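Accompanying notes for the structure given below.
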Amino acid sequence: MTASTLIEPSPADDSPVRLLWGTGVLVGNVDLDGIVRPGLTAADAPGAGGASCQEIAADEVLDDPRRLAALFAEAMDAAAGRERTAGAVDVTVQVWEAGHGVPAEARPTAWAGWCYLAATPAPAARESGCLALADPRPASDQTAMPGLPWGRAILARPARGVMVVAPGWLTTSVVPVENGQRLIVAIAASAR
């Protein structure tokens, strides 16, 4: 992974706020060369003009699905703060088009991940097609606290190679995709 950032809170020692657990979220860019079919664009996605969200066979857009699964597993281990455990990761590929949006939901898995494989450039609304993560814990109240990253959503804007990995219990949503926008997204779930 390149240019990745692990968001893990660490309050100052003299802070009255005590962090009892960290929430590892990894947001970064991965090199998809050799994984995604060369020259793949969002316009090339199978099923154009169909439903706003379609699942497609991974081998239609990926040259090396196992390598992508390995990148997700590596990112999940990094976000969890552990050495490589080589756990299995299930990966599906979806095409998102105008109107697709997902309300806040948690995933029934220890770790979840998303990677934008291709995206149409520059949507009119900057947030269109973004993946948003928020902390659902009652104590967070969506209020910013010193030393904690929560109280505001983490937004991952759609661009080729943007990868997000987070615990499955965090709520995630997809900001509705606008007219003319098209995204190819790999979605991963840890099988641990």
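The values are calculated or read from the model by the stated rules, or taken from the named source; none is laboratory data. These numbers were taken from a predicted model, which means no experiment stands behind them. Cβ coordinates were reconstructed from backbone atoms using ideal geometry, including for glycine residues, and neighbour counts include every protein chain displayed. All accessible areas refer to the heavy atoms of the entire protein, side chains included, with ligands and DNA or RNA removed. Shrake-Rupley method; radii C 1.70, N 1.55, O 1.52, S 1.80 Å.
General observations
- Contacts under 9 angstrom Cβ, first residue in the range 160-172 being within 8 Å of C115 (Cα to Cα), partner among the charged types (D, E, K, R) and in a loop (DSSP other than H, G, I, E, B), 6 or more apart: G161/D31
- Tally of residues being open to solvent by less than 30 Å² (accessible area, probe 1.4 Å) and under 13 Å from the mean Cα position of the chain (by Cα) across the range 88-110: 1
- Tallying residues that are buried (at least 22 other Cβ atoms within 10 Å of the Cβ) and over 14 Å from the mean Cα position of the chain (by Cα) within the range 159-181 yields 2.
- A count restricted to the range 57-84 and to residues that are surrounded by 13 or more Cβ atoms within 10 Å (Cβ to Cβ) and not in a helix (DSSP H, G or I) stands at 4.
- Whichever residue in the range 34-55 is farther than 19 Å from P176 by Cα and touching a residue at least 60 places away in the same chain (Cβ under 8 Å) and, among such residues, is surrounded by the most Cβ atoms within 10 Å (Cβ to Cβ): V36
- Residue in the range 52-66 that is closer than 15 Å to P167 by Cα and of a type in the set (D, E, K, R) present: no
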